[in-house]
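Student: If you scroll down you'll find the structure; I have some questions about it.
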Amino acid sequence: MEPHREALLALSRDVRIHAHPELSGAEHHACAAVADFMAARGFTVERRAGGLETALIAVDDSCAKDDGAVTVAFLSEYDALPGLGHACGHNLIAVLGVGAALAFRDAAKAQGLNARVILFGSPAEETFGGKINLVDHGAFDKVDVALMAHPGTQNALRGVWLAMVSFSIEFFGKPSHASALPWEGVNALDAAVLAYQSVSVLRQQTLPSNRIHGIIKHGGDAPNIIPEYTKMEYYIRSERIEDLLELKAKIFKCFEGAALATGCTVKITEDPTFANVNHNDTLCAIYESHMRRLGADFTPDDVARTESRGSTGAQAAHGARCAAPRILPHKRNSRLLAGIADALHTLPASPLTSGALTRWSRLVLSCAPCLSVPMPSPDLDSPLATRPVATHTDMGNVTHVVPGIHPVFDIGARGFSYHTAEFAALAGQTSAFDRTMLAAYALAMTGIECATSPETLAKVRRDFQGA
Ligand SMILES: [Zn+2]
Ligand SMILES: [Zn+2]
């Protein structure tokens, strides 16, 4: 990583990206900067990849010896937010991918590995999700693992990255004078109001992990005209893509029902669907081990979750600092824990169970092994068991076609989060860049372990197939 540090710092901050934020789909300077950077370092660069003006695919085949070469992909993003600049830190993600790809190649060359490295420059993460286009174009067909990370307020392996789709709904009615001849009109606002209420009623019968938010974008032109046209916009999100598709079908019925009831016609226009992130356990564990070696700590929630998956390293770390055996007489403590275990066991396994798990009960669960208390396996695998993030990313779609990870790494944001002016300012600091380089190194080493050990790669694939 070190030989590339100064060039990467310039790429991140001063040359093009942080100082010149560009909106989704219009990242011309950033995309060109990354493409030129990779081309200058021997990568073969395809610009306008996947039919997108600001996407790129940079490939280095120099270590590939035959068809058995392991292909490791890293992903960069570079879009900014309107009015806020790089408030999601995508300038850091740009150099994270570039740095990881270069470090991977250096290490693969030094070790004589049979490997290939690809950097994807993926535009418009904040809007239409360029990775979705790249997936649809088969850009990941020959990729073995896809690795990226996102800057944030903490180190977290399996943040909540929900499946999400947005759509607009237009109702078409018939105008009429609202006082003289209202019976001649077909009221498109009535349709929108009915639809809004139907969706709100439906909300109670959906999973607590679902999120539904909508607005009436256009509600009519004047009170004395029966509205002939209305437009609504909705976002819906679910923990899993399967849940999202089921929810979407139910919500569409609300719009169709409102049109039927009012005599309007309805047109629904969907945007691309973002899948939830399918975290690969083996890749997460490797990334975690390298980050820990670099001094990173992970959130207690993530530690608890990792322990529930049997990570011996994390469990040992917890055991070393666990105070539970010293707090209460062993016997009484065991009974208490067993009671809690029973109570947790009787809860139905659903996202609600996970949401209902308090920090306290998770702590008890994580202390149980130290007390040799047999515990049930609550639904800690559910992404909603912890809530480091509750949004979506187009990396989700990538992780449904190839094994991948999308951890969050701490850049030192305290008291503020993504999409704020403070986060944008921090994303231009050298301290944030330095932490990004640590994550880049951990990602590169995760790729190297996959390229070095056929057993590891087989385990990654088993996790993916079993997911
Ligand atoms: Zn964002
Ligand atoms: Zn982001």
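No value in this document is a laboratory result; all are computed from the given coordinates. Since this is a predicted model, take the numbers as computed values, not measurements. Here the Cβ positions follow ideal geometry from the backbone for every residue, glycine too, while neighbour counts run over all protein chains shown.
Student: Let me know the charge dipole size of the stretch 163-270 about its Cα centre in debye, to the nearest 20, where only the beta-carbon of Lys, Arg (+1) and Asp, Glu (-1) is charged.
Tutor: Working: 11 positive and 12 negative charges, 44 e Å.
Here the stretch 163-270 has a charge dipole of around 220 debye.
Student: Here's something else I'd like to know. For the stretch 45-57, in order, what is each residue's ³J(HN,Hα) by Karplus, 6.51 cos²θ - 1.76 cosθ + 1.60 with θ = phi - 60°, in whole Hz (x at glycine and Pro)?
Tutor: Per residue, the Karplus-derived 3J(HN,Hα) values read 10, 9, 8, 6, 5, x, x, 10, 4, 10, 10, 9, 10 Hz.
Student: In which sequence would SER238, SER453 go, from the one with the fewest C-beta neighbours within 10 Å to the one with the most?
Tutor: Ordered by Cβ neighbours within 10 Å, fewest first: SER453, SER238.
Student: Something else about it: Between ARG414 and GLU184, with labels modelled 7 Å along Cα→Cβ, what's the label distance in nm to one decimal, could you check?
Tutor: In this crude label model, ARG414 to GLU184 measures out at 6.9 nm.
Student: Which cross-chain or sequence-distant (5 or more) residues have an amide H under 5 Å from the amide H of GLY404, H modelled 1.01 Å from N in plane?
Tutor: Those lying under 5 Å, H to H, from GLY404 are ALA146, ASN280.
Student: Quick check on the stretch 119-166: take the gyration tensor over C-alpha atoms, sort the square-rooted eigenvalues as a ≥ b ≥ c, and tell me if it's rounded (a/c under 1.5), prolate or oblate.
Tutor: Details: a/c = 1.93, a/b = 1.33, b/c = 1.46.
Verdict is oblate for the stretch 119-166.
Student: Continuing with the same structure: For GLU46, enumerate residues with amide H under 5 Å from its amide H, sequence gap 5+ or separate chain, H modeled in the peptide plane.
Tutor: ILE57, ALA58, VAL59
Student: Using modelled amide H (1.01 Å from N, peptide plane; none on Pro or chain starts), what sits under 5 Å from the amide H of ASP79, excluding residues fewer than 5 places away?
Tutor: The answer is ALA124, GLU125.
Student: If you rank HIS406, HIS279, HIS90 by fewest surrounding Cβ atoms within 10 Å, what's the result? Kindly include the intermediate steps, with their values, before the conclusion.
Tutor: Numbers: HIS406 25, HIS279 21, HIS90 29.
Ordered from fewest to most neighbouring Cβ atoms within 10 Å, HIS406, HIS279, HIS90 come out as HIS279, HIS406, HIS90.
Student: Given a Förster distance of 35 angstrom, what is the FRET efficiency for ALA222 paired with LEU23, based on the Cβ-Cβ distance and rounded to 0.05?
Tutor: Numbers: r = 34 Å, r/R0 = 0.97.
So the FRET efficiency works out to roughly 0.55.
Student: A further question on this structure: Suppose each label sits 7 Å from its Cα in the direction of the beta carbon; what would the ASP136-GLN204 distance come out to in nanometres?
Tutor: The two pseudo-label positions are separated by 3.8 nm.
Student: To make sure I understand the rule: partners must be aspartates and glutamates, Cα under 14 Å from the Cα of LYS267, and not fewer than 8 residues away in the same chain. Which ones qualify?
Tutor: The qualifying aspartates and glutamates are GLU170, GLU228, GLU233, GLU256.
Student: Now, a different point. For HIS400 and THR127, compute 0.36 nm times the residue count separating them, minus their Cα-Cα distance, and round to one decimal in nm.
Tutor: Working: separation 273, 0.36 × 273 = 98.28 nm, distance 1.96 nm.
Separation in residues times 0.36 nm, less the Cα-Cα distance, equals 96.3 nm.
Student: Starting from the 7 Å offset along Cα-to-Cβ, what nm value, one decimal, do you get for the label separation of LYS253 and ALA421?
Tutor: According to this spin-label approximation, the distance is 4.7 nm.
Student: Additional query: For the peptides 224-237, 121-134, what is the packing order when you average, over each peptide's residues, the other Cβ atoms within 10 Å and list the highest mean first?
Tutor: So the order, starting with the most tightly packed, is 121-134, 224-237.
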